[in-house]
Amino acid sequence: MAARAILEVRNLRKVYRQGGLFGGNAHPALAGVSLALRPEDGKVLAIVGESGSGKTTLARILLRLVSADAGEISVAGHKIVAPGERTVDNRTLRRLVQPIFQNPFEAFSLQLPLEEYLLRTAINLGDAATRGDPVPAVERALAAVGLSFSRVAGKGIRAFSGGELQRISVARALIAKPLLIVADEPVSMVDASLRMTIVNLFKELSNRLDVAFVYITHDLSTAYYLSDVMAIMRQGELVEFGRPETILQSPSSDYTRALLDAIPTLDRRWNI
């Protein structure tokens, strides 16, 4: 029997309306998108597209931050999005899927020390043992991203660089032991010198832990380097889907070829 898909998206649709509830212009953000990440494919799905492609709308629907108009999303057989049907509750969702957002400086408040966020996550989403003693779970998650509890304890966001804060965001996501982490443009607000550190962290974690990633980006080079499967989106539609080396070395879509042509200095052998 084939293993269940880690992520399965079926005919997902979302329309935004401008100019009022009962009129105005309809803008299809997602026009029937279907894709899947299966265990035999690997553990990292990159979704690539320019602004307005629908990639972030897909991520926000997956995290249930935005509602879908139609379609379904399942994670390991658990139905998490299905308009008009029964889906998992919010706590189950957060134990299945965790987010990492674009701007790490907006992921935490200025008012609280960072360990408070980590400890609360362990208490709210951990198992019974973790809820009784959250510190070991926080220590393990921080160690997984190359940090220690003592480095974080008692400090606010001003004590950290953007790269460190993003690693703390990853640790926070790992505490719940999710099956899937959705990372929406996670390196775009990080210093250029540190971007590959975060990308390499995702690659290491996907290899070492039982967690898969959806990596949302406009950057073809990091998507190729990190992903096992790649989706190219344009104006709410899926224009390419498959192995990254196949897509980028022999693209079938004019749009993908245009994206490649817009990066003339890239080595077309895609060795990074």
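FYI, it's all coordinate maths here, none of it is from the lab. These numbers come from a predicted model, not from an experiment. Ideal geometry is used to build each Cβ from the backbone, glycine not excepted, and the neighbour counts take in all protein chains shown.
Put simply, when 45-52, 126-133, 89-96, 237-244 are sorted by average Cβ atoms within 10 angstrom per residue, most first, you get 45-52, 237-244, 89-96, 126-133. With springs only between Cα atoms under 10 Å, which of 212, 59, 26 fluctuates most in a Gaussian network model of the chain? Maximum fluctuation in the GNM of the chain, among the listed residues, is at 26. Each residue of the stretch 162-175 is assigned a 3J(HN,Hα), and the resulting list reads x, x, 5, 4, 5, 5, 5, 4, 5, 4, 4, 5, 5, 4 Hz, derived from the Karplus form 6.51 cos²θ - 1.76 cosθ + 1.60 (θ = phi - 60°), x at Gly and Pro. How high is the relative contact order of the chain, given as a whole-number percent (alpha carbon pairs under 8 Å, six or more residues apart)? With pairs under 8 Å counted, the relative contact order is 24 percent. Partner lysines whose Cα lies under 16 Å from the Cα of residue 14, excluding those fewer than 8 positions away in the same chain, are identified as 55.
Relative contact order for the stretch 135-178: 54 percent, from Cα pairs under 8 Å spaced at least 6 residues apart, divided by residue count. The antiparallel fraction among DSSP beta bridges confined to the chain stands at about 55%.
Taking N as the number of residues in the chain, what is its Cα Rg relative to 2.2 N^0.38 Å?
Details: Rg = 18.9 Å, N = 272, 2.2 N^0.38 = 18.5 Å.
That ratio works out to 1.02.
Relative to one another, the C-alpha centroids of the stretch 158-201 and the stretch 39-86 are positioned 20 Å apart. Among 163, 54, 77, the largest mean-square fluctuation in a Gaussian network model of the chain (Cα springs under 10 Å) belongs to 77.
A simple spin-label model places the labels of residue 110 and residue 3 4.6 nm from each other, with each point 7 Å out along Cα-to-Cβ.
Rounded to the nearest 20 debye, the dipole size of the chain about its Cα centre is 500 debye, using +1 on the Cβ of Lys and Arg and -1 on the Cβ of Asp and Glu.
How much of the calculated P(r) for the stretch 1-155 lies past 19 Å, in percent of all Cα pairs? Result for the distance tail: 65 percent. Note on the chain: GNM, Cα springs under 10 Å; of 60, 234, 17, the largest mean-square fluctuation is that of 17.
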